[in-house]
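Contents: one structure, followed by commentary.
The values are calculated or read from the model by the stated rules, or taken from the named source; none is laboratory data. Computed from a prediction, not measured in an experiment: that's the story for all the values here. All Cβ positions, even for glycine, are placed from backbone atoms using ideal geometry, and neighbour counts span all protein chains on display.
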Amino acid sequence: MLKKLLKAVVLTLLAFLLQTTLSSQITIGDVAPNIALAMVAVVTVGWGKKYTFAMSVTIGYLMEILLPALDYISLVLYPVAAMLASIFLADKSERKLEELKASGRSTKQWNPHVRTPLAALLSILVYEGVHLFYIFLNGVTIGSTQIGRFVISVVYTTLLCALLQFPMRKFMGVYKVKKAR
C-alpha cells in the first residue's frame, strides 16, 4: 500500500513538472498537449477513482498556486474533468462487479487500453470546452482559429495518452498478477 502511494506521489509530481516544463516545448500548431490530464487518465483506468481524485486535486492545486491563469479554474477543472471520466471509464471493483452480476446487469468492461485514451478524450473535452466557453463569455467570437486549436488540443492529448499508457501502466504495476495464496 505504501509502495503504491509513493508511486502515486511520483506520478503526480511528474505530471505537474512535465505539464509546466515539457508541454510548451512539444507544441503542434502552437498548441501544447495537456500532459497532466493524459497521465491522470492512465491512473483513472489503472488505479481507480480515489487515486484519480487525489492526483487531479493535487495537480490542480499546484497549477493554481504556481501558474495562476484564471481564478481557481485549474483547482476546479482538473478534478471535475478527471472525475467525470472516472465515473464512466474507471475499473469496477470486484464487489461492484458482483453486485451488477447479482442484479442481472452486464459486468463486461472494455479493454483498459481502449478505456484509457477514452478517459483522456473525455477529460480534455471537458477541460477545453470550459475554456472555450470562458473565452466566449469574455466577448471573443468563436471562429475557426479557436475551434482548430480546440481540436488540435483534444486530438494531441488523446494520442499522447495512448502512448504514455504503456510505460505508465508498467510503472504502476497493473500488469503484474498477484500470486494465489
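How about segment 19-35: which of its residues are in a helix (DSSP H, G or I) and hydroxyl-bearing (Ser, Thr, Tyr)? I'd like the intermediate steps shown before the answer.
The initial filter retains those residues of segment 19-35 that are in a helix (DSSP H, G or I), namely 19-25, 35.
Passing the criteria: 20, 21, 23, 24.
Would you check if there is a residue in segment 2-17 being at pLDDT below 95 and of a type in the set (Ser, Thr, Tyr)?
no
Of all the helices (runs of 4 or more DSSP H) wholly in segment 36-115, which have at least 1 residues that are touching a strand residue (DSSP E or B) at 6+ places or on another chain (Cβ under 7 Å) and in contact (Cβ under 8 Å) with a residue 40 or more places away in the chain?
none
Going through segment 138-161 one residue at a time, which ones are buried (at least 18 other Cβ atoms within 10 Å of the Cβ), of a type in the set (A, V, I, L, M, F, W, C) and more than 19 Å from residue 83 (Cα to Cα)?
Listed by number, the residues that qualify are 150, 152, 160.
Which numbered condition in (1) more than 12 Å from residue 41 (Cα to Cα); (2) touching a Cys at 6+ places or on another chain (Cβ under 7 Å); (3) among the small types (Gly, Ala, Ser) is the only one that residue 120 fails?
(1)
Name every residue in segment 11-29 that is touching a residue at least 24 places away in the same chain (Cβ under 8 Å) and either in contact with a Lys or Arg (Cβ under 6 Å, 6 or more places away or on another chain) or loosely packed, with under 14 Cβ neighbours inside 10 Å (or both), in order of residue number.
Answer for segment 11-29, where residues must be touching a residue at least 24 places away in the same chain (Cβ under 8 Å) and either in contact with a Lys or Arg (Cβ under 6 Å, 6 or more places away or on another chain) or loosely packed, with under 14 Cβ neighbours inside 10 Å (or both): 28, 29.
Can you tell me which residue in segment 83-137 is surrounded by the most Cβ atoms within 10 Å (Cβ to Cβ), limited to those that are among the aromatic types (Phe, Trp, Tyr) and within 17 Å of residue 151 (Cα to Cα)?
Residues of segment 83-137 among the aromatic types (Phe, Trp, Tyr): 88, 110, 127, 133-134, 136.
Remaining after also requiring within 17 Å of residue 151 (Cα to Cα): 127, 133-134, 136.
Working: 127: 24, 133: 11, 134: 13, 136: 12.
Checked segment 83-137; the qualifying residue surrounded by the most Cβ atoms within 10 Å (Cβ to Cβ) is 127.
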